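First up is the structure itself, then whatever we jot down about it.
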Amino acid sequence: MGEEVVDGVIVNIEMIDEGEREKNNDKIMNQENETDNGEEKEKCTPLTEHFHRMDSLDKEASRVSGMPAASKVLSTAAILQLAFQSIGVVYGDIGTSPLYVFASTFADRAPNKSDIIGALSLIIYTLTLFPLIKYVFIVLWANDNGEGGTFALYSLICRHSNVNALPSQQTEVMDISAYKLELPNKHLRRAEKIRNALERSSFAKTGLLWLALLGTCMVIGDGILTPCISVLSAVDGVKKIDAGLSKDAIAMISIAILVVLFSIQRFGTDKVGYTFAPVILVWYIFIGTVGISNLIRHDSSVLKAFNPLYIVSYFKSDLKEAWISLGGVVLCMTGTEAMFADLGHFSVRPIQIAFTGLVYPCLICAYVGQAAYLSKFPGDVPDAFYKSTPEVVYWPMFTVAVLASIIASQAMISATFAIVKQSMALGCFPRVKVVHTSSKHEGQVYIPEINFLLLLACGFVTASFKDTTNIGNAYGIAVVAVMLVTSSLLVIIMLMIWQLSLALVALFILVFVSFELLYFSSVLYKFTTGGYLPLAFAALLFFIMYVWHYVQTKRHAFEVEKKISMEYLNSLGSSLGITRVPGVGLLYTELTRGIPAIFPHFLTNVPAIHSILVFVSVKYLPINKVPPEERFLLRRVGPKEYKMYRCIARYGYRDRRVGTMEFEELLMEHLKNFIRQENSDQEEKREEVQNEIRFLEMSREAGVVYLLGHSEVKASEESNLFKKVIVNYVYDFLRRNFRQGFVDLQIPNKNLLQVGMNYHI
């Protein structure tokens, strides 16, 4: 066996002496495959194992070497430039929180001065504990080779233990260069015990996937609620012109802005977000400066809120009201998850510098200034932000607030697009159209269908609630739920991957998880006044994603179980039992080993098959990117005279798919390299190699046809009623109303040949 890099493609070669193959042909013909609970087990002699490996890329499908380092060494200038750009993309959401935090905290009562100081103390230490300490200094380091978000945490765990529950990935994702992170020796035994426990438990595997999906659904919920509350809060300042302006009028103005916002999404984050980074910078300077001004002008005694004992006094004075107010306080950290989710656009250091150097101090100044104003004018708490803004800068502040709210919304909308793309790539979301909007930043995408649905949802929420208080109640649940999911996955990473001491993990749970649960209990109290909204959105999205994932997993298991044996292929001979005509046929399959069950259907239903046949399997691995030079793996299927090959095209969940023409060019070049390398040490076969390459080129000139199976997935007869409804109706509805496979693969109709097949699962 040899493994070399030739012209940028990794070629894996295993050779068997031709005479030895013929001598033992009977043994090869008797090769049997057994299936046990969806996992394949082979009974083979060493020789049949060789032949089996000749047509299998089962193991190599996930082996990638030379993965670029997640953390690149950047110059100081580059780090500062990225830090500046991150202000516009990442920190718009958390920056607009001062528009509505105090109004949501004291939504049902007029506070006294001690209440305001207690709430300010809560806000200060909430910002310090969660965005600053937890996310900036802990969570950002739990990235997946530079990528952040819920799926990044999930894939990081999958890379260090065999707990992957994603469809068609169970046997192909455990041996890739991005997975080869060496574990330190300290606490290794405990980490191994945890890993083994997770791998043995099907409940743990399903639970981890459910957590990842739940976190994803809640972030998408953020993408719906952020535009509503940010724009509505900013537009509320227009009441300065007409104090009698109704809530309906403000809601209609907000909806008009939302329509414009979603209409410009097709231009991409690169143009919308980066262009307005200076606006967010001006916004932070404004709110920080106004906060310091209010502190000096009104009541500097609110600075004693930096003493955490005032939190204790706040709860002692009225425990229930203080607990209820936590649902408003938690809104000061909205958008915190965006720091982690948008990590792939930047890196850890720029995001840390931007938050600690600008965002955190400006937010603290803004909240301290509002508290200083409210200590003198507690009756203005429903409109604390604009009431505390000095008259001389009111309209500039209003203008910047509206622009900042639009940019804040843009950040979460872009994150929603990226998350849907990741979910779709990993088989957890129906196919949708993904448009890459930037040639510089691969992660920046636009999804028209999702954009339209977000617009409808945002318009519905804004028109229904009409004020920020009830939307804030809904927003709080989405924010805290995502944080709890992140903390749960992070605890597993701390124990199994980072291998920290139990004392440190217990401290993390005590300090962060316990307070998150306290906040969560408070926002759930407001379930009936808007809190149900994100849970309803999440439940619907979770149902769609899990149904799609469940059927895709069962479908893959069916293909593995029904695959065709090599004995069948050998019995057909090199002509495959029918006429072979000039051309290249690319037959798409999810299998990396064996002949797919759809293949005999093609032989039965078409009069001829192409002279070159390639079984193409597109694999999305649960890592962020696969290096382009390691995209393809190639191997022969059957003897040389069959002219059949297997190709594995591998992509990460943030990789960009190439078009059909580019794909064909790359595939042909890699096939030529494979044929050359296969016989590189046998000079006597040089002419044979040249003839095979010429035959390949002639076949390509005759045309390339894409062969796809048009599968109808149905529940088996013995299935229960619930499963039949899920598979036969819900999944079928999703499949028919979202994009078809050949559209997702960008295959032109004139080059497409489909044959139908029923899958009974």
If we keep only residues of segment 103-159 that are in contact with a Leu (Cβ under 9 Å, 6 or more places away or on another chain) and aromatic (Phe, Trp, Tyr), then the residue modelled with the highest pLDDT is Phe106
Residues satisfying the stated conditions in segment 651-666, i.e. out of contact with any Leu (no Cβ under 8 Å at 6 or more places or on another chain), buried (at least 16 other Cβ atoms within 10 Å of the Cβ) and not charged (D, E, K, R): Phe663, Leu666
Selection from segment 627-650 of residues touching a Gly at 6+ places or on another chain (Cβ under 6 Å) and open to solvent by 30 Å² or more (accessible area, probe 1.4 Å) yields Glu629
Restricting segment 675-689 to residues that are within 45 Å of the chain's Cα centre (by Cα) and of a type in the set (S, T, N, Q), the one nearest to Glu641 (Cα to Cα) turns out to be Asn679
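Does Leu524 satisfy the criteria of being in contact with a helix residue (DSSP H, G or I) (Cβ under 8 Å, 6 or more places away or on another chain), at pLDDT 90 or above, of a type outside the set (Lys, Arg) and open to solvent by 60 Å² or more (accessible area, probe 1.4 Å)?
Numbers: in contact with a helix residue (DSSP H, G or I) (Cβ under 8 Å, 6 or more places away or on another chain): yes; at pLDDT 90 or above: no; of a type outside the set (Lys, Arg): yes; open to solvent by 60 Å² or more (accessible area, probe 1.4 Å): yes.
No, not satisfied.
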Filter result (surrounded by fewer than 15 Cβ atoms within 10 Å (Cβ to Cβ) and under 17 Å from Tyr100 (Cβ atoms)) within segment 219-254: Lys247
Check on Glu717, within 30 Å of Tyr546 (Cβ to Cβ) and either assigned to a helix (DSSP H, G or I) or not hydroxyl-bearing (Ser, Thr, Tyr) (or both): yes
Ile609 meets each of (1) more than 15 Å from Asn751 (Cα to Cα); (2) buried (at least 21 other Cβ atoms within 10 Å of the Cβ); (3) of a type in the set (Val, Ile, Thr) with one exception, condition (1)
For segment 443-493, which positions are open to solvent by 10 Å² or more (accessible area, probe 1.4 Å), assigned to a helix (DSSP H, G or I), at pLDDT below 90 and among the hydroxyl-bearing types (Ser, Thr, Tyr)? Ser464, Thr468, Thr469
Give me the residue from segment 210-256 that is farther than 17 Å from Ser409 by Cβ and acidic (Asp, Glu) and, out of that set, modelled with the highest pLDDT. Asp248
Inside segment 423-442, the number of residues satisfying the requirement of being modelled with pLDDT of 75 or more and outside any loop (DSSP other than H, G, I, E, B) is 3
Any chance segment 567-588 includes a residue that's at pLDDT below 80, under 41 Å from the mean Cα position of the chain (by Cα) and closer than 22 Å to Glu701 by Cα? no
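Go through segment 566-593 and report how many residues are among the polar types (S, T, N, Q), surrounded by fewer than 18 Cβ atoms within 10 Å (Cβ to Cβ) and in contact with a strand residue (DSSP E or B) (Cβ under 6 Å, 6 or more places away or on another chain). So that I can check it myself, show each step before the final result.
Step one: list which residues in segment 566-593 are among the polar types (S, T, N, Q), which gives 570-571, 574-575, 579, 589, 592.
If we keep only those that are surrounded by fewer than 18 Cβ atoms within 10 Å (Cβ to Cβ) too, we end up with 570-571, 574-575, 579.
From what is left, the residues that are in contact with a strand residue (DSSP E or B) (Cβ under 6 Å, 6 or more places away or on another chain) are 579.
The number of residues fulfilling the criteria is 1.
Test Phe417 against the stated conditions and say whether it is closer than 30 Å to Glu590 by Cα and touching a strand residue (DSSP E or B) at 6+ places or on another chain (Cβ under 6 Å).
Values: closer than 30 Å to Glu590 by Cα: yes; touching a strand residue (DSSP E or B) at 6+ places or on another chain (Cβ under 6 Å): yes.
So Phe417 fits the description; yes.
Residue by residue, here is whether (1) in contact with an Asp or Glu (Cβ under 7 Å, 6 or more places away or on another chain); (2) without any contact (Cβ under 8 Å) to a residue 40 or more places away in the chain; (3) in a helix (DSSP H, G or I) holds:
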position	(1), (2), (3)
Thr528	no, yes, yes
Ala536	no, yes, yes
Phe542	no, no, yes
Val547	no, no, yes
Phe558	no, no, yes
Leu569	no, no, yes
Ser574	yes, no, no
Gly577	no, yes, no
Val584	no, no, no
Consider Leu721 against the criteria (1) aliphatic (A, V, I, L, M); (2) open to solvent by 60 Å² or more (accessible area, probe 1.4 Å); (3) touching a Lys or Arg at 6+ places or on another chain (Cβ under 8 Å): it satisfies all of them except one. Which criterion is unmet? (3)
From the set of residues in segment 494-521 that are among the polar types (S, T, N, Q) and modelled with pLDDT of 90 or more, which is surrounded by the fewest Cβ atoms within 10 Å (Cβ to Cβ)? Ser514
Run Phe602 past the list (1) open to solvent by 10 Å² or more (accessible area, probe 1.4 Å); (2) among the hydrophobic types (A, V, I, L, M, F, W, C); (3) touching a strand residue (DSSP E or B) at 6+ places or on another chain (Cβ under 6 Å); (4) in a helix (DSSP H, G or I) and report the number of the one that doesn't hold. (1)
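Name the helices (runs of 4 or more DSSP H) wholly within segment 302-415 that hold at least 3 residues that are over 29 Å from Lys239 (Cα atoms) and open to solvent by less than 10 Å² (accessible area, probe 1.4 Å)? Full working, then the answer.
Numbers: elements: 309-317, 319-329, 336-341, 348-354, 360-376, 384-387.
Filter on segment 302-415 gives 336-341, 348-354.
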Kindly indicate whether any position in segment 693-713 is β-branched (Val, Ile, Thr), closer than 18 Å to Val614 by Cα and either open to solvent by 70 Å² or more (accessible area, probe 1.4 Å) or assigned to a strand (DSSP E or B) (or both). yes
Specify which of the listed residues (Arg676, Arg739) is in contact (Cβ under 8 Å) with a residue 12 or more places away in the chain, assigned to a helix (DSSP H, G or I), surrounded by 12 or more Cβ atoms within 10 Å (Cβ to Cβ) and among the charged types (D, E, K, R). Arg676
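So which of Leu153, Leu122 ends up being open to solvent by less than 10 Å² (accessible area, probe 1.4 Å), part of a helix (DSSP H, G or I) and either hydrophobic (A, V, I, L, M, F, W, C) or in contact (Cβ under 8 Å) with a residue 24 or more places away in the chain (or both)?
Numbers: Leu122 fails: open to solvent by less than 10 Å² (accessible area, probe 1.4 Å).
Just one listed residue meets the conditions, Leu153.
Quick check, is Asp108 part of a loop (DSSP other than H, G, I, E, B) and open to solvent by 10 Å² or more (accessible area, probe 1.4 Å)?
Taking the combined requirement at face value, the residue satisfies it.
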One residue from Asp681, Asp655 being outside any helix (DSSP H, G or I) and without any contact (Cβ under 8 Å) to a residue 12 or more places away in the chain: Asp681
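The values are calculated or read from the model by the stated rules, or taken from the named source; none is laboratory data. All figures in this text were calculated on a predicted structure; none of them were measured in a lab. Glycine also receives a Cβ, built like all others from the backbone with ideal geometry; neighbour counts cover every protein chain displayed. For accessibility, only protein heavy atoms count, side chains too; no ligands or nucleic acids. Shrake-Rupley method; radii C 1.70, N 1.55, O 1.52, S 1.80 Å.
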